[in-house]
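Heads up: the structure comes next, in structure tokens.
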Amino acid sequence: MSTVEEIQNAIRTLSKDERAQLAESLPALVPELDGDAEWERIIRDPTPSPKFTKFLDEIDARFREDPSQFRELTDEEFDKHE
């Protein structure tokens, strides 16, 4: 039995309260679960990304050409996805 399987089996034996406590602490134990931290890592990654840079340059050029193509989002639209 692998360590992962042992951990999974141990989690299955936890009470509802213990699982809730574990769920709260998981982002500290497994940083990959912390979405904000993962985005921060991606943003700060110095590795060149030519395709993404080209894509952003194209969007920037389109915006400079005609900003009206890009409508402003409202706070309510952002709140829909929480």
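Derivation of every value follows stated rules applied to the coordinates shown; laboratory data play no part. Just so it is clear, the model here is predicted, and its values are computed rather than measured. All Cβ positions, even for glycine, are placed from backbone atoms using ideal geometry, and neighbour counts span all protein chains on display.
Structural remarks
- Of all residue pairs spaced 6 or more apart or on separate chains, those with beta-carbon atoms under 6 Å, a first member in segment 52-68 that is on the phi < 0 side of the Ramachandran plot and without any contact (Cβ under 8 Å) to a residue 24 or more places away in the chain and a second member that is not small (Gly, Ala, Ser) and not in a helix (DSSP H, G or I) are PHE63/PHE70.
- Annotation for segment 14-34: no member residue is surrounded by 10 or more Cβ atoms within 10 Å (Cβ to Cβ), free of Cβ contacts under 8 Å to residues at least 40 places away in the same chain and among the β-branched types (Val, Ile, Thr).
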